[in-house]
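What follows is a set of notes on a single structure, which appears directly below.
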Amino acid sequence: MTRATWGTRLGFVLAAVGSAVGLGNIWRFPWLTATNGGSAFLLLYVLLILLVGVPGLLGEMVIGRRSRRNPVGAFDALGGRRFRALGGLALVASVVVLSFYSVVGGWILRYTAASVTGAYFEAPQAYFAAVDFGPAAVGFHALFLLATVAVVYAGVDRGIEVATTVMVPGIVLLFGVLAVWVATLPGSAGGYEFYLSLDLAYLRANFFDVLVAAAGQALFTLSVGAGAMLTYASYIDEDRSLVADGTLIAVLNTGIGVLAGLVIFPLLYSLGVPPGSGGPGALFVSLAGAFADLPASRLVGVVFFGVVLLAALSSAISIFEVLVAYLVDEHGLGRSRAVAGVGGLFFLTGSAAALSPSLFALLADTIANLALTVTLLGFLLFCGWVLGRDAIAEYERGAGRVARLTGRPWYYAVAVVVPLFLAFTLATGVGTLVGAPVSAPQAAVIAVAAVGGTALATRFLVEPT
Ligand code: PHE
């Protein structure tokens, strides 16, 4: 059987943008911005997207296109069997992410439907508390998953590509309309102020916490570290500029993220609810609850949650495809059987998260960040120290003159600079998770040891080709 490929270049870019734009931009980003000092967070986040996210994204794309395989097969093909575990990390990360993602997707689906009748208008807090976890949440998670299954089942070019080519422009258009509309609401000005003004004092006082949160979010929002972009890039069948595509994906994702912020913060302010109150439920309780007071509240609800639903679906699809690609490539399964198997697995893991608020919070708050960071760290060290020159060659293949000039700087970034940074945030993050805080100097030492150790180890482990 020939391996699936994208129909067009634009199709690939839109599918990747669809993967990137999602709950990360709309649900996780406002929530993290609000709890990490507003625009101080925004500033670091944009910087980290540029300095860590984009090189990382390009690293994933290099591995995917060079191998034309799923994550596990990719490392096997490029480095040999002993590197398969790196791909295994990506599979684990994608299970971690989709397990909680699908629960939130279920909430969104429920709120889209409930907007039609205005079911949550009366008592928003009580409504959310009644539906967030438990059997009902399992049901809506299952429905959301079913929609994901339907698209992935239809195939790479006929399912994912067709669906995302419609979804992504739809998301931009609807958010654009919403952004203009919220600007006309009384009281929305405070939201812009909160969102766009710079609180350097906060940043200085909490630098490392904000840094770790912003780094995790920069990876999450670009869909980096779960093998999704690697898998999508493995379906590219022509020589074209990965640099151009990767940059475009990052720019569109950040643009749509900032646009979503321009809808959400002014809206929260005009409705009189401070952002940051209510944690992960904020979007549902404060925002949805306050819709009730607006004219045409049902229409607003359906449009708002409808866009979020599109964004969430186009991301879930990409995570789901990672495991499908793995089963198809490595175990020779037909697409329909692979989709059924992966669907069953995610039904179970997502149901566990839908039944246990503490499991959900653990996955969404900490484990997801750590899993993406570890995986990307592995990917980039592989690019830098195992692929070496081949990585640069793949990066430059199909790239224009200007883009080729960035080949070497990119190489040093993924071999040394970004891994140092990732290992640093990882040490800090794991320390906090296990209750043994790691100081910045300690984390720096760990990072240098980890990256230096890998560099040395590859000297002995990898036979020169
Ligand atoms: N980028 C997606 C979002 O922002 C989430 C995602 C993470 C998708 C990792 C794929 C892989 O919602």
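Remark: the chain is approximated by an ellipsoid whose semi-axes, taken from the C-alpha gyration tensor as √(5λ), come to 35, 25, 21 Å, largest first. Annotation: average projected area of segment 340-429 is 8.5 square nanometres, based on the convex hull of Cα atoms across all directions. Alpha-carbon geometry of segment 1-125: the Rg and the Dmax are 19.1, 60 Å, given in that order.
With +1 assigned to the C-beta of every Lys and Arg and -1 to the C-beta of every Asp and Glu, and no other charges, what is the dipole magnitude of segment 386-427 about the Cα centre in debye, to the nearest 20?
It works out to roughly 180 debye.
Each of 211, 29, 250 was placed along the dipole of the chain (beta-carbon charges, centred on the mean Cα), and the one lying farthest toward the positive end is 250.
Hey, got the dipole for segment 9-147? About the Cα centre, +1 on K and R Cβ, -1 on D and E Cβ, debye to the nearest 20?
Roughly 800 debye, rounded to the nearest 20.
Taking a ≥ b ≥ c as the square roots of the eigenvalues of the Cα gyration tensor, segment 316-383 is oblate, since a/c reaches 1.5 or more and a/b is not larger than b/c.
Quickly rank 261-270, 138-147, 447-456 as a protection proxy: mean count of other C-beta atoms within 10 Å, highest first.
Averaged packing, sorted descending, gives the order 261-270, 138-147, 447-456.
If you plug the beta carbon distance of residue 3 and residue 408 into 1/(1 + (r/R0)^6) with R0 = 25 Å, you get a FRET efficiency near 0.20. Normalising the Debye intensity of segment 74-158 to I(0), with uniform scatterers on Cα atoms only, and taking log10 at q = 0.15, 0.20, 0.22 Å⁻¹ returns -0.71, -0.95, -1.04. Taking every C-alpha pair closer than 8 Å and separated by at least 6 residues, the mean separation divided by the residue count of the chain gives a relative contact order of 31 percent. Placing a pseudo-label 7 Å from each Cα along the Cα-to-Cβ vector at residue 432 and residue 198 gives an inter-label distance of 2.3 nm. The distance between label points at residue 77 and residue 297 comes to 5.4 nm (points 7 Å beyond Cα on the Cα→Cβ vector). Only one residue of 288, 39, 347 has its Cα farthest out toward the positive end of the dipole of the chain, where Lys and Arg carry +1 and Asp and Glu -1 on Cβ, and that residue is 347. Calculate how steeply helix 297-331 sits against the longest principal axis of the alpha-carbon atoms of the chain, using the helix alpha-carbon long axis, and give the answer as 0 to 90 degrees to the nearest 10. In the chain, helix 297-331 runs at an angle near 20 degrees to the longest axis.
Along its principal axes, segment 226-307 has C-alpha extents of 53, 25, 20 angstrom, given from the largest down. Classify segment 90-138 from the C-alpha gyration tensor, please: rounded if a/c falls under 1.5, else prolate or oblate depending on whether a/b exceeds b/c. Verdict is prolate for segment 90-138. Entry comment: accessible area of the chain is 38 Å² per residue, from protein heavy atoms only and a probe of 1.4 Å. Which FRET efficiency value, to the nearest 0.05, is calculated for residue 10 and residue 397 with the Förster distance at 22 angstrom and r the Cβ-Cβ distance? Once the sixth-power term is evaluated, E becomes 0.65.
Subtracting the Cα-Cα distance of residue 126 and residue 456 from their residue separation scaled by 0.36 nm leaves 113.1 nm.
In this rough spin-label picture, where each label sits 7 Å from Cα along the Cβ direction, the residue 183-residue 162 distance is 3.7 nm. Based on the Stokes-Einstein relation at 4 °C and a viscosity of 1.567 mPa s, and on the Kirkwood radius from alpha carbon pairs, segment 116-209 is assigned a translational diffusion coefficient of 71 µm²/s.
Between the helical axis of 162-183 and the longest alpha-carbon principal axis of the chain there is an angle of about 50 degrees. Calculation over all alpha carbon pairs of segment 379-465 in 10 angstrom steps from 0 returns a P(r) of 17, 38, 28, 14, 3 percent. Between residue 331 and residue 251, what's the calculated FRET efficiency when r is the beta-carbon distance and R0 is 41 Å? Round to 0.05. Approximately 0.65, to the nearest 0.05.
The values are calculated or read from the model by the stated rules, or taken from the named source; none is laboratory data. Note that the structure is predicted; figures quoted are calculated from it, not measured. Neighbour counts are summed over all protein chains in view; Cβ atoms, including those assigned to glycine, are modelled from backbone coordinates with ideal geometry. Protein only, heavy atoms only, side chains kept; ligands, DNA and RNA dropped before computing areas. Shrake-Rupley method; radii C 1.70, N 1.55, O 1.52, S 1.80 Å.
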